[in-house]
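Heads up: the structure comes next, in structure tokens.
Just so you know, all these numbers are worked out from the coordinates, no wet-lab data involved. The model shown is predicted, which means the values in this text are computed figures rather than measured ones. Using ideal geometry, Cβ is built from the backbone for each residue, glycine included, and neighbour counts are taken over all protein chains shown.
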Amino acid sequence: MLATLALHSSTTLAPTKLLPLLSLLPRQGLNASVFQSNWAEKGLPVPSSSTPLDQSCRWEVQKVELKNGEKGVDGDVWGVKYWKGKRVTPEGRLDKIRGARKYLWATQVMPPKPLQRTLKKVGPAEEAEEAVKPEA
């Protein structure tokens, strides 16, 4: 599973299913901003260095229940949805994040340093084959 994940040169984790993505993040992705990668492909504003959080489409992860099973990471995730910067989830409520197993997701939060070393860097052609090297 780790071999299929990659780091973009823009410091975002490459899109993957939500549950494996959260399992790589500190505190299982609690308080991370995540978004479906197809939202960016459709031209929607997603968290990035050029789009402020208060104008983006995203989920703020508030509750995570991950389980490691025979087929990998499984579980459920709840959070608060923002659409074009406006909160869609009513105050005082968490919504279950749908599509965690179906869609590809991304975040700007980086995994801890030891995991970064196992991931490949994706960027210009000359960087695509280069593995992330451990710090000396």
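Brief remarks on what is shown
- Residue-by-residue Karplus 3J(HN,Hα) for the range 46-55, coefficients 6.51, -1.76, 1.60, Hz, glycine and proline x: 10, x, 7, 5, 9, 10, x, 4, 6, 10
- Local electrostatic count, Ser33, Cβ distance below 9 Å [Lys/Arg +1, Asp/Glu -1]: 0
- Whole-Hz ³J(HN,Hα) from phi, Karplus 6.51 cos²θ - 1.76 cosθ + 1.60, for the range 90-99, glycine and proline x: x, 4, x, 10, 10, 9, 5, 7, 7, x
- Estimated inter-spin distance, Leu30 and Trp78, nm [label 7 Å along Cα→Cβ]: 1.4 nm
- Each Lys or Arg adds one and each Asp or Glu takes one away; over the other residues whose Cβ falls under 15 Å from the Cβ of Val46, this sums to +2.
- Distant-in-sequence amide H partners of Ser56 (H built 1.01 Å from N, under 5 Å): Gly85
- For Gly99, net neighbour charge (Lys/Arg +1, Asp/Glu -1) across residues whose Cβ lies under 13 Å away: +4
- Phi angles of the range 16-32 translate, via the Karplus equation with coefficients 6.51, -1.76, 1.60 and θ = phi - 60°, into HN-Hα couplings of 7, 4, 4, 5, x, 4, 5, 5, 7, 8, x, 6, 6, x, 4, 6, 6 Hz per residue; Gly and Pro are given as x.
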